[in-house]
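Remarks on the structure that follows.
What follows is calculated from the coordinates using simple rules that are stated; it is not laboratory data. Nothing here was measured: the structure is a model prediction, and the numbers come from that model. Note: ideal-geometry Cβ built from the backbone for every residue, glycine included; neighbour counts use all protein chains shown.
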Amino acid sequence: MEKKRPAVKGFSNKQYIGFIIFGLCLCLIPVLVKMGVLKTSFLNIIGGSIIYTIAALGLNILLGYAGSSSLGTAGFMGLGAYISAYMSADLGLPWELSLIIATVIPTLIGILVGVLSLKMSGLYLGIATLCVAEIFRKTFSQFTQVTGGFAGKSASFPVLFGTIKLKQTGTFVLLIVFMVLAMMLTYNLVHGQLGRALHAIRSSETAAQAMGVSLRKYRLVAFALASGYGAMAGSLYVHFVRFVYPSTWNLLLSLNILAMIVIGGMRSIYGTFIGAIIVYAVPDLILKRIPVVGSYNGFAYVFSGVLVILVIMFSRGGIAGMISGLVSKRKARPAETAAAAGTDDSSGAGTE
Amino acid sequence: MGTFLQLLLRSLESGSVYGMAAMGIIIVYRTNFMVNFAQGSMGMFGTFIVTAVFIHSGWPLALCILIGVLAGIGVGSLVNFAVIRHTKKISAAGKEIITLGMMMIFLGITPMLFGTDPLRLPKLIPTGSLSFGGADISYNSLFNIIFGFALMIIMFIMLQKSKLGLAIRATASNENTAKLMGIPTKTVTLFAWIVAMILGTFAGVMIAPTTSVTTELMDSVQLAAFIACIFGGFQTFYGPVVASYFVAIGSNLLIYYVSDIWGQQILYIIVILFLFFRPVGIFGKKVTKKV
């Protein structure tokens, strides 16, 4: 991997700048809120979308690249959130340390799940991860000494290096920083050896193994990344929302995160963010304004559910795939190659 | 002894509920080659229909359940025609995600139609209980157990003896061959979804009196049914149903004798470990993969 770095360096630098510019654009939101152009609630909604983007990026590596479905994302997010809240609020550890611990422990558990997953395929893996999520959810509501049970648990905004106390706006910028870092890391990983190995595994596990790709190693890495990203997102969630209930981390949240990557576009980094905005922000910002239907709570789920089904049926690349298809104006190619190529094209399209 | 018998009876009742949900999952899996993660939410939706009709009309519950069955036929057909018909060429993972999308739609549309407040559904047989050997069992529970057994036996006889059952089994073993032999596989698929919807509604109505009717009504039932499918294996019709009763007994024993807080979690861990050591279930056959 080290040897190949220089060849792609120029290109990835350009991508890095793209991610950073994207982050800076998002930083304008608090400014606009201060100026009174946007409502304060806008900050919460976009902040939430950013958090879910981070979790969805992890799942995108696992589902999009490695092809293993996981319904346990919400469980790992919740675990990260509770560990972080417990460490910083109850044990009084600094925010940075609690973030690290809250990311490392779930990652280790994720690796364990990955080990168990090696023998399972397709549907069994979905059910097994469902069981994992359910174990977490039950534990959150019953292990009251740490989690506070149904009453929930509170945390404060992060305090950087023990001195800089952040307010909501500062935390929002911090979220953006973490998302941009996560995007860079994801980009780097999937365009290196890992990405190619995962592509091979997704097409055919047996063929990949025959060519010398270690299934065990890369599956575990994919699981570790998915659970680590999820846990980090959970930890950021608890310090941004400052409150956590066990009922937040249910199957619907896992489904929502899955919907984000399916709608936004599998194997697309900007697509993941677009998906998060569509699934999480659009219902709050736009759908609620629609008369009659919009006032109902469940409408957002129906909206995302219908979108998920339509995307799977008609355009496997999701919205990122559609954009890249429009940009490159190439005529119908097999769906799989279009989706695989979608990453590069769409990331270019997203920055414009 | 009395306690054990009590637990056993309670397990038989929840086993019937799990068995119906498992049958719904397996009949869809075998005929459509897709894992229906929406089974629980479909049953939940059907239960909401029954409950809403019961509350607003004041008719006897049995009649409301009948209306629920008719509505189930409608909803099952709608799912089949609107979604499933168009998924033939989609990969297994894609189909899985489509059922997850359907689950989101059901979970979203339920509060839109029936409101967000939890509803109450009474027992079909409100009063009366039987006691023997130190254990009590209400007539309603007894009815649920017998109804569950009877329905499953009817299903199995139908699958083995009737023409429709033969068509289902043929489709399950090889859809393309079945099509070539002149079996209307589309009708078989439609039937499977209707059956899944109705079985889900029955399971929901049976479990509803023990809790309240919310969108989370079927979450644990669905997971238990999936666990039953894992233990029983996805390759046979009877395996998951038989396993449902064992899952119910196992989980009740774990909760009562081991820990009421951690029992459920221990069960799930056992399931995951089981999957690790025996990835195709007890009755399942190993499918050799080709490159």
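Helix-derived [θ] at 222 nm for the protein assembly as shown: sum -39500 (n - 2.57) over DSSP H runs of at least 4, divide by residue count, nearest 500? Show your work: numbers first, answer last.
Working: 27 runs with 452 residues, N = 643.
Taken over the protein assembly as shown, the calculation gives -23500 deg cm²/dmol.
Per-residue mean of foreign Cβ neighbours for B:258-271 is 4 (Cβ atoms of other chains, 10 Å radius). For the segment B:87-93, counting C-beta atoms of other chains within 10 Å of every residue's C-beta and taking the mean gives 4.
In Å³ and rounded to a whole number, note down the convex hull volume per residue for the Cα atoms of chain A. Before the final figure, lay out the partial values.
Working: hull volume 53.1 nm³, N = 352.
Hull volume over Cα atoms, normalised by residue count, gives 151 Å³.
The HN-Hα couplings worked out from phi for segment A:265-274 by the Karplus form 6.51 cos²θ - 1.76 cosθ + 1.60 (θ = phi - 60°) are x, 5, 6, 10, 6, 5, x, 4, 5, 4 Hz, whole numbers, x standing for Gly and Pro.
Beyond 20 Å between alpha-carbons counts as too far, so tell me which of B:K88/B:K161; B:K95/B:K163; A:K138/B:K123; A:K39/A:K167; A:K217/B:K95 fall in that bin.
Values: B:K88/B:K161 28 Å; B:K95/B:K163 28 Å; A:K138/B:K123 28 Å; A:K39/A:K167 17 Å; A:K217/B:K95 28 Å.
From B:K88/B:K161; B:K95/B:K163; A:K138/B:K123; A:K39/A:K167; A:K217/B:K95, over 20 Å: B:K88/B:K161; B:K95/B:K163; A:K138/B:K123; A:K217/B:K95.
The per residue volume of the convex hull around the alpha-carbon atoms of the protein assembly as shown is 168 Å³. Close amide H pairs (under 5 Å, H built 1.01 Å from N) link A:L38 with A:V33, residues at least 5 positions away or on another chain. Translational diffusion of segment B:190-230 was estimated from the Stokes-Einstein equation, with Rh taken as the Kirkwood radius over Cα pairs; at 20 °C and 1.002 mPa s the coefficient is 195 µm²/s. Reported to the nearest whole Å, the Cα centre-to-centre distance from segment B:191-241 to segment A:264-280 is 33.
Annotation: average projected area of segment B:153-291 is 11.0 square nanometres, based on the convex hull of Cα atoms across all directions.
How big is the charge dipole of chain A about its Cα centre, in debye rounded to the nearest 20, if each Lys and Arg gets +1 on its Cβ and each Asp and Glu gets -1 on its Cβ?
Numbers: 27 positive and 10 negative charges, 103 e Å.
Roughly 500 debye, rounded to the nearest 20.
Relative intensity of chain B on a log10 scale, I(q)/I(0) at q = 0.08, 0.11 Å⁻¹, equals -0.34, -0.65, per a Debye sum over C-alpha point scatterers of equal strength in the absence of solvent.
Listed values for segment A:217-223 are Karplus-derived 3J(HN,Hα) couplings in whole Hz (6.51 cos²θ - 1.76 cosθ + 1.60, θ = phi - 60°), namely 4, 6, 4, 5, 4, 4, 5, and x replaces Gly and Pro.
Across segment B:11-19, coupling constants 3J(HN,Hα) worked out from phi with the 6.51/-1.76/1.60 Karplus curve, θ = phi - 60°, read 5, 4, 5, 5, x, 4, 4, 4, x Hz, and Gly and Pro carry x.
At an R0 of 22 angstrom, the distance between the Cβ atoms of B:L180 and B:F81 translates into a FRET efficiency of 0.40. Using the Cβ-Cβ distance between B:I67 and B:T211 with R0 = 22 Å, the FRET efficiency computed as 1/(1 + (r/R0)^6) comes to roughly 0.50. Net charge in the neighbourhood of B:I249 (other residues with Cβ under 15 Å of its Cβ; Lys, Arg +1, Asp, Glu -1) is 0. Backbone amide hydrogens, once placed in the peptide plane, bring A:L71 within less than 5 Å of A:T129, A:L130, excluding anything fewer than 5 places away on its chain.
Loop by DSSP (not H, G, I, E, B), at most 16 other beta-carbon atoms within 10 Å: where is the longest site-free stretch of chain B for chymotrypsin sites (Phe, Trp or Tyr not before Pro)? All intermediate terms of the calculation are to be shown ahead of the outcome.
Numbers: sites that count: B:F33, B:F283.
Segment B:34-282 is the longest.
From Cα pairs below 8 angstrom and at least 6 apart in sequence, can you work out the relative contact order of chain A, rounded to a whole percent?
Values: 533 pairs, mean separation 93.9, N = 352.
It rounds to 27 percent for chain A.
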